[in-house]
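Working notes, beginning with the structure itself.
The values are calculated or read from the model by the stated rules, or taken from the named source; none is laboratory data. Note that the structure is a prediction, hence the values are computed from the model and not measured. All Cβ positions, glycine included, derive from the backbone under ideal geometry; neighbour counts span all protein chains shown.
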Amino acid sequence: MDVLHYVLPNSLAEAYQLLHEDLNNHVIGGGVWMKNTLKSINTLIELKHLIGEKIEVTHEVIKIDANCPLRQLEIHPVIKDLYDGIISQSIEKIMGVSIRNVATIGGTVVGKYAFSDLLAALLAVDVTLVFFKQGRMELSKYLESHEKNRDILISIEIPIKKGTGYFHKVSTTHLDFAILNLAITQIDHQFRIVIGARPGIASCANQAMELINHAKEIDDTLINEVAECCVKELSFGSNFRGSEEYRMTLAKVYVARGLWEVIHHAS
Amino acid sequence: MLVNLIVNGQPRSIEVAKGEFLLDTLRHLDYLSVRRGCDSSSCGVCTVLVNGKPTPSCSLLTVRLDQQEITTVEGIAKEAEKLATHFGHEGADQCGYCNPSMALTVYAMKKELKKPTLEQIKAYLVGNLCRCTGYQAQHIAILHYLEDQS
């Protein structure tokens, strides 16, 4: 990999300006995936001296600096307990500890990786992103946008509320990407259902969520209807990891299982 | 670009290309215990400790590591020898290619986790591939090493 310039800007404003000078200028996060995706870089913009790796917990929110390594998130005592620990669970099966010591939450979010397990969990707990120029933005809005991001992510905020969660990754081995991943939460009596690696990027099943959130009574029939609805509204596809049909079958089973699990944990 | 590393406690200054990875830098500096395997952060044989934490040297740009502490297996010689003895007793050694990175990861785990269970050990070692042994003998050897107070 060729890197022509490596720059530590004096401010985020300077970094932002540099980023916009050339499409081949890039901000570096953990950098683990960079080698596999970029052949040559004009200017590599280093932000580790401007954006830290702290995790700050208040009564209402966990504020995470964009440069926080995944391993720090995974083992943080508050994050381990929040929503049945689904954020930690989504991280602990991402390759090995050494990769998780390097890969950052900011790099994961900005990269919009379709295979990401963490994105599914973050979407299910409705996190807010804080960008340098655009300010605050819901993760769902960011993931839905087809525009290439040219802003600088500063931090990620996880709301602290009462709620339960379920995360499941289907993969052949620890080191492999997910064939499918699912994150389901019930926070403030509202369900969120997220399915990722379909193989498309993690998405909320909005119609299915509406169906269960407006139901007067939850029983097996409703849960199966919700699972069916997820499969109808989200797109599934085939690749060498699994077929569309296999993914749809998995999704139906795990959505139903996950919903019952969050309901039982809440009661 | 001139980078000042601290390798096994010794300051090392080296001129590197901006796109050079730590694995190449360390091998240029003759730390040949740092091995190249998949070169894409999947196999674990290039693992070194950066500020005490296991890190894939094949995927870390050297320019980012100015003034950082790098530890290769030579830097934990006594502990590595102790682990090697337990590996020997259990017949957990074959080609030895993964041993330096395995020793560094086990050393970091010992510092990070208190009395880890076998399941925790297995989880910590994910991504440290050994193509010879099938892991069972290694796990037994690691359990003995962790109990070893000598």
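Checking A:191, A:167, A:177 one by one, the residue that is under 20 Å from residue A:111 (Cβ atoms) and part of a strand (DSSP E or B) is A:167 and no other. Residues in segment B:58-70 that are more than 9 Å from chain A (Cβ to nearest Cβ) and either at pLDDT below 95 or crowded, with 24+ Cβ neighbours inside 10 Å (or both) were compared, and the one that is nearest to residue A:103 (Cα to Cα) is B:62. What residue, among those in segment A:148-188 that are surrounded by fewer than 20 Cβ atoms within 10 Å (Cβ to Cβ) and touching a His at 6+ places or on another chain (Cβ under 8 Å), is nearest to residue A:65 (Cα to Cα)? Across segment A:148-188, the extreme among qualifying residues is A:160.
Scanning segment A:75-92 for residues that are over 13 Å from the mean Cα position of the chain (by Cα) and in a helix (DSSP H, G or I) turns up A:75, A:77, A:78, A:79, A:80, A:81, A:82, A:83, A:84, A:85, A:92.
May I ask you to list the residues in segment A:63-72 that are part of a strand (DSSP E or B) and either at pLDDT below 95 or closer than 15 Å to residue A:136 by Cα (or both)? Of everything in segment A:63-72, those that are part of a strand (DSSP E or B) and either at pLDDT below 95 or closer than 15 Å to residue A:136 by Cα (or both) turn out to be A:63, A:64, A:65. Looking only at residues in segment A:1-23 that are more than 17 Å from residue A:154 (Cβ to Cβ) and in contact (Cβ under 8 Å) with a residue 24 or more places away in the chain, the one that is surrounded by the most Cβ atoms within 10 Å (Cβ to Cβ) is A:3. For residue A:226, the requirement of being modelled with pLDDT of 95 or more, buried (at least 23 other Cβ atoms within 10 Å of the Cβ) and either within 15 Å of the chain's Cα centre (by Cα) or not in a helix (DSSP H, G or I) (or both) is not met. Within segment B:90-149, the residues that satisfy the criterion of being small (Gly, Ala, Ser), away from chain A (no Cβ under 14 Å) and surrounded by 15 or more Cβ atoms within 10 Å (Cβ to Cβ) are B:92, B:137, B:141.
For segment B:20-43, the criterion of being more than 11 Å from chain A (Cβ to nearest Cβ), within 17 Å of residue B:140 (Cα to Cα) and among the charged types (D, E, K, R) is met by no residue.
Of all residues in segment B:48-98, those that are over 22 Å from residue A:36 (Cα atoms) and of a type in the set (S, T, N, Q) total 7.
Could we say that residue B:78 is touching a His at 6+ places or on another chain (Cβ under 9 Å) and free of Cβ contacts under 8 Å to residues at least 24 places away in the same chain here? Considered against the rule, which asks whether it is touching a His at 6+ places or on another chain (Cβ under 9 Å) and free of Cβ contacts under 8 Å to residues at least 24 places away in the same chain, residue B:78 comes out as no.
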